[in-house]
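Right, one structure below, let's go through it.
The values are calculated or read from the model by the stated rules, or taken from the named source; none is laboratory data. The shown structure was predicted, so the numbers you read here are calculated from the model rather than taken from an experiment. Methodologically, a virtual Cβ is constructed for each residue, glycine included, from the backbone with ideal geometry; neighbour enumeration extends over all protein chains shown. Note: accessible area is taken over every heavy atom of the protein model, side chains too, but ligands, DNA and RNA are not part of it. Shrake-Rupley method; radii C 1.70, N 1.55, O 1.52, S 1.80 Å.
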4 protein chains.
Amino acid sequence: MGSNPTCATEAPGNGPAVSRREFDALFDAVRTWGRWTAADRGAWNRVTADHVRRATATVRSGTAVPMGRPWDTRPGPDNARPALHYMSELGDVEAPEPAVYKDFLAADYHGKGVSHLDALSHVAYRGRLYDGRAAGEVVDAAGARFGAVSALGPLVTRGVLVDLPAVLGIDWLEPGRAVHARDLVAAEKALGVTIGDGDAVLLRSGAYRRRRELGPWDPGEASAGWHVDALPLLAERAIALLGGDGDSDVRPSPVEGLHSPVHALAVTAMGVPLLDNLDLEPLSAACADAGRYAFMVVVTPLNVPGGTGSPVNPVAVL
Amino acid sequence: MGSNPTCATEAPGNGPAVSRREFDALFDAVRTWGRWTAADRGAWNRVTADHVRRATATVRSGTAVPMGRPWDTRPGPDNARPALHYMSELGDVEAPEPAVYKDFLAADYHGKGVSHLDALSHVAYRGRLYDGRAAGEVVDAAGARFGAVSALGPLVTRGVLVDLPAVLGIDWLEPGRAVHARDLVAAEKALGVTIGDGDAVLLRSGAYRRRRELGPWDPGEASAGWHVDALPLLAERAIALLGGDGDSDVRPSPVEGLHSPVHALAVTAMGVPLLDNLDLEPLSAACADAGRYAFMVVVTPLNVPGGTGSPVNPVAVL
Amino acid sequence: MGSNPTCATEAPGNGPAVSRREFDALFDAVRTWGRWTAADRGAWNRVTADHVRRATATVRSGTAVPMGRPWDTRPGPDNARPALHYMSELGDVEAPEPAVYKDFLAADYHGKGVSHLDALSHVAYRGRLYDGRAAGEVVDAAGARFGAVSALGPLVTRGVLVDLPAVLGIDWLEPGRAVHARDLVAAEKALGVTIGDGDAVLLRSGAYRRRRELGPWDPGEASAGWHVDALPLLAERAIALLGGDGDSDVRPSPVEGLHSPVHALAVTAMGVPLLDNLDLEPLSAACADAGRYAFMVVVTPLNVPGGTGSPVNPVAVL
Amino acid sequence: MGSNPTCATEAPGNGPAVSRREFDALFDAVRTWGRWTAADRGAWNRVTADHVRRATATVRSGTAVPMGRPWDTRPGPDNARPALHYMSELGDVEAPEPAVYKDFLAADYHGKGVSHLDALSHVAYRGRLYDGRAAGEVVDAAGARFGAVSALGPLVTRGVLVDLPAVLGIDWLEPGRAVHARDLVAAEKALGVTIGDGDAVLLRSGAYRRRRELGPWDPGEASAGWHVDALPLLAERAIALLGGDGDSDVRPSPVEGLHSPVHALAVTAMGVPLLDNLDLEPLSAACADAGRYAFMVVVTPLNVPGGTGSPVNPVAVL
């Protein structure tokens, strides 16, 4: 799996540059507005009971691998709004038995520090959420009346790990490296898996390993992730969920005037929730061990009415 | 399923009363301290890869049913520490595209209002956590160094719904009604399922339906739940997880001087994490439809180092 | 001071009713938009260095009396969003000396449970904040760009306690009792004080005493407070701050279609910040002891850029 | 005021080094345990009604100068636990009039980022809080039962600005520079003020100006502040409050094995609350303008039962 599918002689970058007009054409091309009755669930509508059954049938060894990063209360270049964790009860000796220990958890979880799911209310483009809903009319200080995470419910489907560093025989993709449709096709071939409808596609860039070895950096400035030119292929494959150890977008953004174009295409145009900031190192090792890159994946966001997403700790079962 | 397994002529209560000495004997009888190398995971050690595979094999229809109650920010008799939900970003029109919507979530989740998992650091009896660890030495304001929820990881196992109201042909168990070993045995028979090792046992009392129909009450004063005399049977069956639409304990507590004796037996003696305050109404309906009360259950607590538990939204897959 | 200035033969209510047209006329009559260069500070511009000096000159005995209610973490009919208080550090024995103890405080402080100051960004009427600023343009999820509490700074001025129960010789005003201009005039006479420009006017209804004796109730449904017909007199007197042991508005509101008409008149029309939910019992006792109802008052809101107010613990110095 | 009272030929450091035994002797020498009936209030007992009156008499111009830094929600080297600020209501157009704007504030305020007061429960030495109370017995997850900030109440007293950079004719003291008794004596002489009993002593190091000009650094590693050898003089002067634009301690600590020796001497031995992380630049300018370094100071901590301190925005009135 060591051949480089990009065949580049120099370090691949975040390009090619994409104009706003080209982006808008892409947006229209992958858009699925109006397709689903339960529009809040977007592409999760693709995951039928059949898909759930097929996902369970991918389980062979019974190894369960979590993907959530540790809850991080320390600020850092990739953790501008640190999570909170306080003990609210510490079992006083005088208290009647049994003594109990309790804690308080809090997070402004969107960002780069918390493993989380983006619901369809998280991203609007040109004032519209997924399905063309006017963001200004359905989201306010009380939360989202369309596209709330509570509308998504749990996801049980087939997951595919696009383990690009494994394909390329390297430790990680350098921050700023764009992943293209051709990379995906090469990875499918190298990893022996074909992405299909209703799948959860998880891109491993190796970012969390790089972080552990070299220390954190600001992924808003440079991160490996999908170039928008890969999204038509993902749309064609009719995926249900897109995730990774980054936040899916290559950065700096190659698209004129847009900071997170893949967010807009996936969430807003395609209705595909995103799974950000995972730790995919254990899953990478487990897939390599098993020689398989498809598995059952289960994501169970918190049931927050009006929420724009949820911190999560998804599990892959091989 | 309408025959009453308790054969009582009057309303069943929370008894019989149990002395502290009897409780301590029970505690010793069900105790599994020293049994596991990964002691933090307690009874989840029973769930081997085999169990995971067998759990996936229980899936027939592919119906996924969530069990988490909605995140509740309003105080009430069963919600003394309401959860928080604030919008942290509301996609200003001037902002560069795409506009994003973000929120902040917080919860002091132990209590009666949030669906959550209790890790093994949550309960100590006579100063000891599970495995005999001195609580005062391993839990402080920085969190738990033993029995943290981060040590548990995800759980994928067979779940069994002990749907007692369905067995009894009633809408719900009245608050204060104790559930005994004989109820469990009768339920197994009526529901056509036998609880086995590594299972997640979910007790439905119908409390959440009662709440919806009659309004909330304080479950700390009266709730249907297990009497301690049922725990030896659950220990014998070698279960991995105990949960329900209450917090497992019948209240008022029948045990002298102990407010939550089932917590102490399950968590502290047996190393069995608890799943509290679920909404089991949809699962009850799904099981009744399917005519099956066993299924795959997946619980994915947040990866909080030092945490005593986690808010969760577990899923049953039938 | 026992004569009833209202001379009513039956229990005074919240009336007379006021139509929306009458309210709008009142609003225009008391409006001070355009008057101040530092518009964010509204009526606090009235408090010049001279006023500060005169306030210090009112101090005779040197008795300092705080007015803040205790931080309340328990929900109740008047505390729908309880404050939070968690210990974040508890001086571990192993830690290097000295051991430290720390805590985390949080509050969604507007409401009826926390003593707080309302800044000029807190209330808009017909889409306009004080000084005619369009609320939709200057307040968003990032906070207020006009009328933030950080623009107010500290207030040192003369305070006057309008101790109506003392005037009337009763323990408290019943919830729902409106306070009128004639009550204020009678109180001035009875208490030997005349409200002047730059003053902080503090209305004691005795609500906190009633709460202590009879238990809490929902002040959103019934509270003693100013009727809008008193506001022209307060405007004429050119006050700087209005406060009390309620939130200044009588409730139910006597004004057609408005839940908090005094808020709109004071904050939005007059630029007078409000001081809500004080405990004025100690100050009432101190004033009675001293036989004086004027004193120096100091309010020091937290310096929160973009904040719409601040929890405070104001002090009166007699 | 440009003569250097230290007469050092090289940059003054944090020394001289102090052994633990010497520190313990200092601790015993300045200790006031057992002196006050209202022990929770410690040295604030020195501030009698007389002192309050005398403080108001220091007011000449009527200029009120706040000292609180802005609420800072961004992490940084001096802000490891950023404060939180979320809008909880944004006046929906549909809402009944008037529209209201609300926010949520939160802070783990001890540290280097928030202007705050340390109550007497904040610091223990050798297991003892002020007055010899056993910290382990009076502080737990529910808060402090001795030395809570709610016991302090408001402070109105004479304040003195020890503006050392003004005395030395420099912009600021370099981080790591210790301030000694001789510096204080020289400053008194240069500034024309003598610290007396019940005074609030505010040390300006110029740290906040340095931060604005050179950017933030970690004050835990290097900050200008009092050397422990100055504390006997402050004890002799019988001060009530010690504060500054740092947290009073010079760092690195010159005392063997103690990270915050001035905290232990002031809070634990002397019962003197500390006022940390102020912005004293405006006060420095106002004092220079007025040619006076004494004024009335008012500190009004939030009324938090069990709290170890409070975020504050103290005001000086010249």
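Residues in segment D:130-143 that are assigned to a strand (DSSP E or B) and either surrounded by fewer than 20 Cβ atoms within 10 Å (Cβ to Cβ) or hydroxyl-bearing (Ser, Thr, Tyr) (or both): D:Ala134 only. Can you confirm whether B:Gly153 is at the interface with chain A (Cβ under 8 Å from one of its Cβ atoms), touching a helix residue (DSSP H, G or I) at 6+ places or on another chain (Cβ under 8 Å) and free of Cβ contacts under 8 Å to residues at least 60 places away in the same chain? When the stated conditions are applied, B:Gly153 does not pass them. Residues that are under 22 Å from A:Phe104 (Cβ atoms), more than 7 Å from chain C (Cβ to nearest Cβ) and open to solvent by 10 Å² or more (accessible area, probe 1.4 Å) within segment D:100-129 comprise D:Gly111, D:Gly113, D:Val114, listed in sequence order. Of the residues making up segment A:280-292, none is among the hydrophobic types (A, V, I, L, M, F, W, C) and under 27 Å from A:Gly34 (Cα atoms). Note on segment A:244-264: among residues that are out of contact with any helix residue (DSSP H, G or I) (no Cβ under 8 Å at 6 or more places or on another chain) and in a loop (DSSP other than H, G, I, E, B), the one that is farthest from the other protein chains (Cβ to nearest Cβ) is A:Pro252. The residue list C:Ala43, C:Ala106, C:Ala29, C:Ala55 contains one member that is at pLDDT 95 or above, closer than 30 Å to D:Tyr130 by Cβ and not β-branched (Val, Ile, Thr), which is C:Ala106. Taking the criterion of being of a type in the set (D, E, K, R) and open to solvent by 10 Å² or more (accessible area, probe 1.4 Å), the residues of segment C:232-246 that qualify are C:Glu236, C:Arg237. Residues in segment C:15-48 that are charged (D, E, K, R), under 22 Å from C:Leu275 (Cβ atoms) and open to solvent by less than 60 Å² (accessible area, probe 1.4 Å): C:Asp40, C:Arg46. Evaluating A:Phe146 against the criteria (1) part of a strand (DSSP E or B); (2) open to solvent by less than 20 Å² (accessible area, probe 1.4 Å) leaves one unmet condition, (1). In this structure, B:Glu89 does not satisfy being modelled with pLDDT under 95, open to solvent by 20 Å² or more (accessible area, probe 1.4 Å) and over 29 Å from A:Val114 (Cα atoms). Within segment D:276-312, the set of residues being of a type in the set (Asp, Glu) and in contact (Cβ under 8 Å) with a residue 24 or more places away in the chain comprises D:Asp276, D:Asp279, D:Glu281. Considering segment A:176-198, the residues that are open to solvent by less than 40 Å² (accessible area, probe 1.4 Å) and without any contact (Cβ under 8 Å) to a residue 60 or more places away in the chain include one that is nearest to A:Gly13 (Cα to Cα), namely A:Ala181. The residue pairs whose first member lies in segment D:15-40 and is in a loop (DSSP other than H, G, I, E, B), whose second member is open to solvent by 80 Å² or more (accessible area, probe 1.4 Å), and whose beta carbons are closer than 6 Å, counting only pairs six or more residues apart or on different chains, are D:Ser19/D:Glu256.
Quick check, is B:Asp28 under 30 Å from B:Gly220 (Cα atoms), away from chain C (no Cβ under 14 Å) and charged (D, E, K, R)? It is true that B:Asp28 is under 30 Å from B:Gly220 (Cα atoms), away from chain C (no Cβ under 14 Å) and charged (D, E, K, R). Suppose the filter is within 24 Å of C:Thr300 (Cα to Cα) and touching a residue at least 40 places away in the same chain (Cβ under 8 Å); does D:Leu173 pass it? Judged against the criteria, D:Leu173 is not a match. Residues in segment A:156-180 that are more than 14 Å from chain B (Cβ to nearest Cβ) and either under 26 Å from A:Thr48 (Cα atoms) or assigned to a strand (DSSP E or B) (or both): A:Val160, A:Leu161, A:Val162, A:Asp163, A:Ala178, A:Val179. Do we find a residue being buried (at least 19 other Cβ atoms within 10 Å of the Cβ), part of a helix (DSSP H, G or I) and of a type in the set (Ser, Thr, Tyr) anywhere in segment D:199-212? So far as segment D:199-212 goes, yes, one or more of its residues are buried (at least 19 other Cβ atoms within 10 Å of the Cβ), part of a helix (DSSP H, G or I) and of a type in the set (Ser, Thr, Tyr).
Just so you know, in segment A:71-93 the residues that are under 23 Å from D:Ala141 (Cβ atoms) and in contact (Cβ under 8 Å) with a residue 24 or more places away in the chain include one that is nearest to the other protein chains (Cβ to nearest Cβ), and it is A:Trp71. Scan segment A:265-282 and give yes if some residue there is surrounded by 24 or more Cβ atoms within 10 Å (Cβ to Cβ), of a type in the set (Asp, Glu) and either in contact with a Ser or Thr (Cβ under 8 Å, 6 or more places away or on another chain) or away from chain B (no Cβ under 11 Å) (or both), otherwise no. Yes, segment A:265-282 contains a residue that is surrounded by 24 or more Cβ atoms within 10 Å (Cβ to Cβ), of a type in the set (Asp, Glu) and either in contact with a Ser or Thr (Cβ under 8 Å, 6 or more places away or on another chain) or away from chain B (no Cβ under 11 Å) (or both).
Only one of the numbered conditions (1) within 14 Å of the chain's Cα centre (by Cα); (2) over 30 Å from B:Pro98 (Cα atoms) is not met by A:Ser248, and that is (2). Residue count for segment B:49-69 satisfying the condition of being crowded, with 17+ Cβ neighbours inside 10 Å, within 8 Å of another protein chain (Cβ to nearest Cβ) and either within 30 Å of C:Asn79 (Cα to Cα) or without any contact (Cβ under 8 Å) to a residue 60 or more places away in the chain (or both): 3.
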